[in-house]
Structures are given as structure tokens and as C-alpha cells.
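Q: The structure is given below, and queries will be raised subsequently.
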Amino acid sequence: MMQQEHMICGGARVILASASPRRLELLHQVGIRPQVEPSRVEEVITSTAPEQVVMELSRQKAEDVAGFHAGEKALVIGADTVVAADGQILGKPKSREEAVRMLSMLQGRVHQVYTGVTVVACGGRNRTPVTFFEETDVWVYPMKPEQIAAYVDTGDPMDKAGAYGIQGQFAAYVKGISGDYNNVVGLPVGRLCQELMKLEL
């Protein structure tokens, strides 16, 4: 096990309860090599506030996967990201038309990206899940209808909350951000590492 990963994770095996290649890449960036084990739990939302929704969903995912690793020295990480404009949550678009509608809402203004993260320490002394969220403001340049259509035609928006990926071709329309860039990509990895280092394993 690499020294950096040991320093952050205390020698525990790390399991990522997400199939997101972007989250995996961010963990690799900080020296963590997790086992990928996506949650298949049926998501249940009881809140309408974006920050509560992402924390709720991240916890459901982490606890679902942690259930398969009781007694092991393992850290299970669950995460969920949503985009919100005027308090309205924008998930992943289900159609081309929905992607166009979402991007039309976001262009020329500021919106918020929320990522909720839950860490479950399996087999450790601290069995209470740690759940938090990060919020980042994103300003988007005005976009013409044909620019929105051309971006949607790339296929990039279809598996992303809010119908865009900040690290892809949509970067051409990002005016600026306030907060954690990695949070917009899908995982506030700096905050996550700080939380992991606080755990008593």
C-alpha cells in the first residue's frame, strides 16, 4: 500500500460505492486506489433541499455497500452530486430535449453544484457514518441555442447532473467558479481526505 494512501486511510481498504470514472480518477489523483463496488440500492429521497438530498443519497449508497463488508477493516465512500438552479434540482437528463432545457436554464447565470459524501468505517471503533456536503457556485457564459445543441450532440451531457461536465468540452462556457472545482467534477476530494484522516480506525 502506498504511503500517501496509508497516511490518509489508516491502512484500511477503501471501497468506492460509485461507478463514476471521474470520482475514481480524483481518488487516484490523491494516491488512493479504491476497490470499485457500485451501490444498487433503490434511492429514496425525503427532502427537497439540494444539500439534504445529496447527503441522504450518499449515505444510502455507502451503507448499502458497507453491509457487505461488516467486520472488515474497510472504508466505504458513497457520493451523490446534483446541480441546482433557483433551488430546483437538475439531475442527469433522460433525453436530448431535457439536456437542452437544463442547459438553457443554466446559460448566462450562476448556479450551484452540491456533492454529498458519506464514509462508513466497517469494523472500526467509529461506526457512525460521517456525512457532509460541499457547495460550489458556477457561472456560465451566455450560450446561443445552436451552441447548446452542438454541445448536446457531443453526447457528453447525458450521464452528468445538470447536463454538463466541467472538465470536458463545456469548459468553453464556464466563466468562473467559487468553491471547490473537484466538487463540480463529482467529489470534494480535499475535504474527503481531511475527514478520512480524522477517523479512528
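Q: Would you kindly identify the helices (runs of 4 or more DSSP H) lying entirely within the stretch 1-109 that contain at least 1 residues that are under 19 Å from the mean Cα position of the chain (by Cα) and not hydroxyl-bearing (Ser, Thr, Tyr)?
A: 21-29, 50-66, 96-106
Q: Out of the residues in the stretch 159-181 meeting the condition of being out of contact with any strand residue (DSSP E or B) (no Cβ under 9 Å at 6 or more places or on another chain) and in contact (Cβ under 8 Å) with a residue 40 or more places away in the chain, tell me which one is least open to solvent (accessible area, probe 1.4 Å).
A: Gly165
Q: Could I ask something else about it? Among (1) surrounded by fewer than 17 Cβ atoms within 10 Å (Cβ to Cβ); (2) modelled with pLDDT of 95 or more; (3) under 30 Å from Glu200 (Cα atoms); (4) among the β-branched types (Val, Ile, Thr), which single condition is Thr128 missing?
A: (2)
Q: Keeping to the stretch 49-73, report how many residues are of a type in the set (Gly, Ala, Ser) and surrounded by fewer than 23 Cβ atoms within 10 Å (Cβ to Cβ).
A: Residues meeting the conditions: 4.
Listed here are the residues, each with its yes/no results for (1) crowded, with 21+ Cβ neighbours inside 10 Å; (2) under 30 Å from Ile15 (Cβ atoms).
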site	(1), (2)
Lys94	no, yes
Ala99	yes, no
Leu106	yes, no
Tyr114	yes, yes
Val138	yes, yes
Pro142	no, no
Ile148	yes, no
Val152	yes, no
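The values are calculated or read from the model by the stated rules, or taken from the named source; none is laboratory data. Here the structure is a predicted model, which means the values were calculated and not measured. Here Cβ is always computed from backbone atoms with ideal geometry, including for glycine, and neighbour counts include all displayed protein chains. The accessibility values were calculated without ligands, DNA or RNA, using every heavy atom of the protein model including side chains. Shrake-Rupley method; radii C 1.70, N 1.55, O 1.52, S 1.80 Å.
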